[in-house]
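Student: Once you've had a glance at the structure underneath, I'll fire off some questions.
The values are calculated or read from the model by the stated rules, or taken from the named source; none is laboratory data. Every value quoted in this text rests on a predicted model; they were computed, and no experiment measured them. Using ideal geometry, Cβ is built from the backbone for each residue, glycine included, and neighbour counts are taken over all protein chains shown.
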Amino acid sequence: MGEATAPPATIKDVAALAGVSVPTVSRYLTGAARISDDKRARVAAAVAKLNFTPNPAARALGGRAPGVVAVLAGNTSRYGYAETLRGIEEAARADGHLVTITALDGAGEKELGAAVGLALSQPVAGVIVLAFDPAGVAALNGLPGGVPAVALSGGRFDGRAQIVIDEDAGAFALTSHLLSLGHPTVHHVRVPSPEGEGGRTEGWRRALLAAGRPVPAIIEASWEPAEARPLGRALAGRDEVTAVFCGNDEVAMGVMAGLRDRGVRVPRDVSVAGFDDHPLAQLWDPALTTVAQDFAELGRRGWQLLRDRAVGESLITLTPDLILRASTAAPRPGRPARDH
């Protein structure tokens with residue numbers, strides 16, 4: 001038998017031999033950014049020694065030639081999705097790349113596979129997947145091997161290049177703040193999660209357990225604010241409810257409307273908080289306490305990761321910010337039973 005053929009060198013092999021990072025090698029190969037003469041010489045020597053041939057997709061992503069970047073998204077109209085798409089498109093366009101967007105709303109398994117196949121039927125330099133929902137996760141898991149891809153989400157996926165917003169940390173901070181105001185516990189209205197409980201629910205639960213507080217039953221909601229209004233009316237009939245954390249701002253606005261329908265005042269009777277920092281959150285009455293996620297920055301960073309690391313695994317975590325506004329306050333002592 002003949003000797004086995006050694007596998008071709010990878011960009012990671014070049015980086016290791018040159019003693020630099022993978023993004024530095026990528027920038028050398030594509031000319032997308034200036035690097036020092038010393039690093040340039042080391043990378044050039046490593047490329048020559050390993051007889052390294054760069055991936056055509058990596059060359060396109062780096063800017064040597066215009067490329068098409070495919071974005072797969074379960075939704076394109078909701079605030080978080082739309083802002084993330086804006087960040088991707090602006091950053092890619094600034095680097096001379098075209099972005100195509102495939103919306104996967106309501107697609108069944110067969111339709112989803114067809115949509116992903118159509119998006120990849122043209123030559124693409126890479127793919128960015130908004131894995132915020134089951135459709136996005138299914139699209140991510142269905143990508144063929146060898147396609148440079150980045151996942152954007154609120155949770156982690158093994159073996160993927162990804163930008164993650166730490167929703168768990170944001171929900172933990174928000175719930176802990178409500179407890180610090182004196183609320184005995186915090187009720188949770190959950191929005192659909194792509195997998196498992198989701199970081200927002202996990203952070204809420206973790207904060208309650210860390211404080212030794214009771215964990216109320218979760219109230220399930222859809223993404224539609226109008227459908228959250230009846231949930232607010234139902235919560236108004238429960239005297240033990242003093243604080244409510246909603247899975248996003250629009251659902252929180254629906255819950256507040258339902259509470260108001262029953263004469264329950266926010267925050268005098270019940271504190272309500274959301275998640276995302278929707279543009280209307282600060283204009284709502286009362287202005288909504290929330291957790292701010294910079295979705296446009298998420299999109300920009302996703303493009304940068306795809307551009308600089310056309311292949312490989314990496315994880316970048318973005319931390320959201322707690323935004324305190326008028327919809328939350330300390331529980332009113334000696335609050336009388338509500339008149340329903």
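Student: I'm told L231 meets every condition in (1) closer than 20 Å to A281 by Cα; (2) under 20 Å from the mean Cα position of the chain (by Cα) except one. Can you identify the failing condition by its number?
Tutor: For L231, the exception is condition (2).
Student: Evaluate segment 127-134: report whether one residue or more is under 19 Å from the mean Cα position of the chain (by Cα), in a helix (DSSP H, G or I) and at pLDDT below 90. Explain how you work it out, then say what you get.
Tutor: Restricting attention to segment 127-134, the residues satisfying the condition of being under 19 Å from the mean Cα position of the chain (by Cα) are 127-134.
Retained after the next criterion (residues that are in a helix (DSSP H, G or I)): 134.
Now narrow it down to the ones that are at pLDDT below 90: 134.
Looking for residues that are under 19 Å from the mean Cα position of the chain (by Cα), in a helix (DSSP H, G or I) and at pLDDT below 90, one finds at least one in segment 127-134, hence yes.
Student: Checking D239 against (1) among the charged types (D, E, K, R); (2) farther than 18 Å from S327 by Cβ; (3) modelled with pLDDT of 95 or more, which test does it fail?
Tutor: (3)
Student: So which residues in segment 81-106 are basic (K, R) and surrounded by 14 or more Cβ atoms within 10 Å (Cβ to Cβ)? Quick ask: steps written out before the conclusion?
Tutor: Residues of segment 81-106 basic (K, R): 86, 93.
Correct list: R86 only.
Student: Return yes when P230 is modelled with pLDDT under 95 and either under 22 Å from L298 (Cα atoms) or not in a loop (DSSP other than H, G, I, E, B) (or both) and no when it is not. Break it down stepwise before answering.
Tutor: Numbers: modelled with pLDDT under 95: no; either under 22 Å from L298 (Cα atoms) or not in a loop (DSSP other than H, G, I, E, B) (or both): yes.
Against the criterion (modelled with pLDDT under 95 and either under 22 Å from L298 (Cα atoms) or not in a loop (DSSP other than H, G, I, E, B) (or both)), P230 does not qualify.
Student: A follow-up question, please. Within segment 119-126, is even one residue buried (at least 17 other Cβ atoms within 10 Å of the Cβ), small (G, A, S), at pLDDT 90 or above and part of a helix (DSSP H, G or I)?
Tutor: Checking segment 119-126: not a single residue is buried (at least 17 other Cβ atoms within 10 Å of the Cβ), small (G, A, S), at pLDDT 90 or above and part of a helix (DSSP H, G or I).
Student: Given the criteria touching a Pro at 6+ places or on another chain (Cβ under 7 Å) and surrounded by fewer than 17 Cβ atoms within 10 Å (Cβ to Cβ), does A292 qualify? Walk me through how you get there before you give the answer.
Tutor: Working: touching a Pro at 6+ places or on another chain (Cβ under 7 Å): yes; surrounded by fewer than 17 Cβ atoms within 10 Å (Cβ to Cβ): yes.
Yes, satisfied.
Student: Also, quick follow-up: Scan segment 8-23 residue by residue and report those that are modelled with pLDDT under 80 and closer than 16 Å to A48 by Cα. Steps first, please.
Tutor: So the first thing to find is which residues in segment 8-23 are modelled with pLDDT under 80, and the list is 8-12, 22-23.
Within segment 8-23, P8, A9, T10, I11, K12 qualify.
Student: Something else: Any idea which residue in segment 193-227 is surrounded by the most Cβ atoms within 10 Å (Cβ to Cβ), counting only those that are among the β-branched types (V, I, T) and outside any helix (DSSP H, G or I)?
Tutor: Among those that are among the β-branched types (V, I, T) and outside any helix (DSSP H, G or I), it is I219.
Student: Now, a different point. Does L259 meet the test of being assigned to a loop (DSSP other than H, G, I, E, B) and more than 16 Å from L324 (Cβ to Cβ)? Let's see the steps before the verdict.
Tutor: Values: assigned to a loop (DSSP other than H, G, I, E, B): no; more than 16 Å from L324 (Cβ to Cβ): yes.
No, not satisfied.
Student: Kindly indicate whether any position in segment 71-80 is surrounded by fewer than 17 Cβ atoms within 10 Å (Cβ to Cβ), hydroxyl-bearing (S, T, Y) and within 17 Å of the chain's Cα centre (by Cα). Reasoning before the result, please.
Tutor: If we filter segment 71-80 for residues that are surrounded by fewer than 17 Cβ atoms within 10 Å (Cβ to Cβ), which is where we start, we get 76-77.
If we keep only those that are hydroxyl-bearing (S, T, Y) too, we end up with 76-77.
Keeping just the survivors that are within 17 Å of the chain's Cα centre (by Cα) gives 76-77.
Yes, segment 71-80 has at least one match.
Student: Looking only at segment 77-113, count every residue that is assigned to a helix (DSSP H, G or I) and at pLDDT below 85 and tell me the total. Spell out the reasoning first.
Tutor: Filtering segment 77-113 for residues assigned to a helix (DSSP H, G or I) gives 79-94, 109-113.
Add one more test, that the residue is at pLDDT below 85, and what stays is 109-113.
Result for segment 77-113: 5.
Residue-by-condition table, conditions (1) among the hydrophobic types (A, V, I, L, M, F, W, C); (2) over 19 Å from the mean Cα position of the chain (by Cα); (3) closer than 26 Å to V137 by Cβ:
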{"position": "V164", "(1), (2), (3)": "yes, no, yes"}
{"position": "R190", "(1), (2), (3)": "no, no, yes"}
{"position": "L208", "(1), (2), (3)": "yes, yes, no"}
{"position": "P214", "(1), (2), (3)": "no, yes, no"}
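Student: Give segment 183-198 a look and list any residue that's at pLDDT below 95 and under 21 Å from E250 (Cβ atoms), or say none. Don't jump to the end; show me each part of the working.
Tutor: Within segment 183-198, the first condition is being at pLDDT below 95, and the residues that meet it are 191-198.
Correct list: V191, P192, S193, P194, E197, G198.
Student: Within segment 309-339, can you find the residues that are modelled with pLDDT of 65 or more, assigned to a loop (DSSP other than H, G, I, E, B) and within 30 Å of V147 (Cα to Cα)?
Tutor: R309, T319, P320
Student: Looking only at segment 199-226, which residues are modelled with pLDDT of 95 or more and among the acidic types (D, E)?
Tutor: E202, E220
Student: Among the listed residues G258, G274, which satisfies the condition of being under 23 Å from the mean Cα position of the chain (by Cα), crowded, with 18+ Cβ neighbours inside 10 Å and modelled with pLDDT of 95 or more?
Tutor: Working: G258 fails: under 23 Å from the mean Cα position of the chain (by Cα).
Just a single option satisfies the conditions, and that option is G274.
Student: Taking segment 107-117, which residues are touching a residue at least 12 places away in the same chain (Cβ under 8 Å) and surrounded by fewer than 12 Cβ atoms within 10 Å (Cβ to Cβ)? Can you show your working first?
Tutor: Going residue by residue through segment 107-117, those that are touching a residue at least 12 places away in the same chain (Cβ under 8 Å) are 107, 109, 112-113, 115-116.
The answer is E109, and nothing else.
Student: Something else: When you look at T175, is it among the hydroxyl-bearing types (S, T, Y), surrounded by 19 or more Cβ atoms within 10 Å (Cβ to Cβ) and in contact (Cβ under 8 Å) with a residue 24 or more places away in the chain, yes or no?
Tutor: Values: among the hydroxyl-bearing types (S, T, Y): yes; surrounded by 19 or more Cβ atoms within 10 Å (Cβ to Cβ): yes; in contact (Cβ under 8 Å) with a residue 24 or more places away in the chain: yes.
Yes: the conditions hold for T175.
Student: Is there any pair linking a residue in segment 133-147 that is assigned by TED's automatic domain parsing to the domain that holds L120 to one that is among the acidic types (D, E) and assigned to a loop (DSSP other than H, G, I, E, B), with Cβ under 7 Å and at least six apart or on different chains, and which?
Tutor: That search, which allows pairs on different chains as well, returns V137/E195.
Student: Return a yes/no flag: does segment 262-276 have any residue that is assigned to a helix (DSSP H, G or I), touching a helix residue (DSSP H, G or I) at 6+ places or on another chain (Cβ under 6 Å) and farther than 24 Å from A173 by Cβ.
Tutor: Let us first name the residues in segment 262-276 that are assigned to a helix (DSSP H, G or I), namely none.
No, there is no match, as no residue in segment 262-276 is assigned to a helix (DSSP H, G or I), touching a helix residue (DSSP H, G or I) at 6+ places or on another chain (Cβ under 6 Å) and farther than 24 Å from A173 by Cβ.
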